[in-house]
Amino acid sequence: MENIPKNSVDLIFADPPFNLNKKYESKINDQLSKAEYLKWTETWVLNCIELLKEGGSFFVWNLPVWNTHISSILNKYLNFRQWIAVDIKYQLPIPNKLYPAHYSLLYYTKGKKPNTFNNQRLPMEICRHCGGDIKDYGGYKNKLNKNGLNLSDVWHDLSPVRHGKYKSRESNELPIKLLERVISMASNEGDLIFDPFGGSGTTFIVSEILKRRWIGCEIGPVDSIIKRFDDVDLHKKQISEIQKKKNVLFTEEMRNIRSKNEHWLPETINGK
Ligand SMILES: C[S@@+](CC[C@H](N)C(=O)[O-])C[C@H]1O[C@@H](n2cnc3c(N)ncnc32)[C@H](O)[C@@H]1O
């Protein structure tokens, strides 16, 4: 990180180890004392802040318990925009506590306004079986934006990468859909993206496909990152599928099932 020019990066996405005693290929110690973990965290967070351009955005993915501390560092130097709750169940219920059901994604910018904020819109939620409405939009149906609903700061539509042809390594791989969303929202083509904790390279492959420039660090083996670039066509296909399902109120597939079962579509309610 010392070799990267200061104030040069448009977007930073960081997904550090969570200090949960996980086994990493890099053999890092993931069971530091709380004080040691926070000291280490402060060092990399401050280094990241230096690299960020004025108007650049900084996202940190972590457990809520650590992101409360990271927020208190970031609040001194950057502007808080959002605490995004990403609804992914990651452990079993704990006795005498609420069931932990979200990861925290902190979103900050350097300076008052982000240089880039591209609104992301989602399709309406419908019944998987009949295509009918799940929420009652009453008289507002004809006011819904045809490009989809506003993305909120609670994300329900992401699932952990578990099986299948897209999984690149044993653990810690974030969903492509998450990075597609963050990168599309907070950067433009040609922008420079930095990820200090490369892992399997999710940030790098999405940046590459979305035509951003990217730079990153990874202390362990980088074979899974290289493998991802060997499989670039597979990831391109995956991203194109993700993109077909955003910025529309109904996808083609949704329109078909709704027409078949005689549920309303924007063109059938006009004027009603
Ligand atoms: C939670 S994983 C990141 C996963 C990544 N977001 C992905 O989707 O594949 C954290 C990564 O940080 C790496 N790491 C830990 N300490 C590091 C350090 N000091 N410098 C660079 N990488 C480090 C680990 O080896 C691990 O691969």
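The values are calculated or read from the model by the stated rules, or taken from the named source; none is laboratory data. Just so it is clear, the model here is predicted, and its values are computed rather than measured. Note that we place each Cβ from the backbone using ideal geometry, even for glycine, and neighbour counts take in every protein chain shown. Just so you know, the surface numbers come from the protein's heavy atoms only, side chains and all, with ligands and any DNA or RNA stripped out. Shrake-Rupley method; radii C 1.70, N 1.55, O 1.52, S 1.80 Å.
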Which of the residues that make up region 1-16 are open to solvent by less than 60 Å² (accessible area, probe 1.4 Å) and near the ligand (Cβ under 10 Å from one of its atoms)?
F13, A14, D15, P16
For region 168-188, give me each residue that is more than 10 Å from the ligand (Cβ to nearest atom) and either open to solvent by less than 20 Å² (accessible area, probe 1.4 Å) or closer than 21 Å to L63 by Cα (or both).
E170, K177, E180, R181, V182, I183, S184, M185, A186, S187
Sole exception among (1) modelled with pLDDT under 95; (2) among the small types (G, A, S); (3) within 18 Å of G198 (Cβ to Cβ) for A14, by number:
(1)
Long-range neighbours under 9 Å by Cβ, at least six apart or interchain, first residue basic (K, R) within region 49-72, second part of a strand (DSSP E or B) and open to solvent by 10 Å² or more (accessible area, probe 1.4 Å)
K53/D10; K53/L192
Among the numbered criteria (1) in contact (Cβ under 8 Å) with a residue 24 or more places away in the chain; (2) within 12 Å of the ligand (Cβ to nearest atom), which one does K246 miss?
(2)
Can you pull out the residues in region 160-185 that are at pLDDT 80 or above and over 19 Å from Q243 (Cβ atoms)?
P160, N172, E173
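Filter region 115-156 down to residues that are basic (K, R) and part of a loop (DSSP other than H, G, I, E, B), then give me how many there are.
The first filter runs over region 115-156 and keeps only residues basic (K, R), leaving 121, 128, 135, 141, 143, 146.
Next, only the ones that are part of a loop (DSSP other than H, G, I, E, B) stay: 128, 135, 146.
So the count comes out to 3.
Based on what the data block shows, is G199 under 20 Å from I4 (Cβ atoms) and not charged (D, E, K, R)? Write out each step before concluding.
Details: under 20 Å from I4 (Cβ atoms): yes; not charged (D, E, K, R): yes.
For G199, the condition - under 20 Å from I4 (Cβ atoms) and not charged (D, E, K, R) - is met.
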Sort out which residues of region 17-50 are open to solvent by less than 50 Å² (accessible area, probe 1.4 Å), near the ligand (Cβ under 9 Å from one of its atoms) and under 20 Å from N3 (Cα atoms), and write them in order of number.
W44
Among (1) among the hydroxyl-bearing types (S, T, Y); (2) surrounded by 18 or more Cβ atoms within 10 Å (Cβ to Cβ); (3) more than 9 Å from the ligand (Cβ to nearest atom), there is one condition S240 misses while meeting the rest; what is its number?
(2)
Among (1) open to solvent by 70 Å² or more (accessible area, probe 1.4 Å); (2) farther than 19 Å from G201 by Cβ, I84 falls short only on (1)
Subset tally (residues that are out of contact with any Phe, Trp or Tyr (no Cβ under 8 Å at 6 or more places or on another chain), more than 19 Å from G198 (Cβ to Cβ) and not charged (D, E, K, R)) for region 21-37
4
If I ask for residues that are open to solvent by less than 40 Å² (accessible area, probe 1.4 Å), more than 10 Å from the ligand (Cβ to nearest atom) and in a strand (DSSP E or B), which ones from region 189-220 would you list?
L192, I193, F194
Test of understanding: among Y107, Y77, which residue is open to solvent by 90 Å² or more (accessible area, probe 1.4 Å), modelled with pLDDT of 95 or more and not hydrophobic (A, V, I, L, M, F, W, C)?
Y77
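Evaluate the following for I257: is it assigned to a helix (DSSP H, G or I), within 16 Å of the ligand (Cβ to nearest atom) and closer than 30 Å to G131 by Cβ?
no
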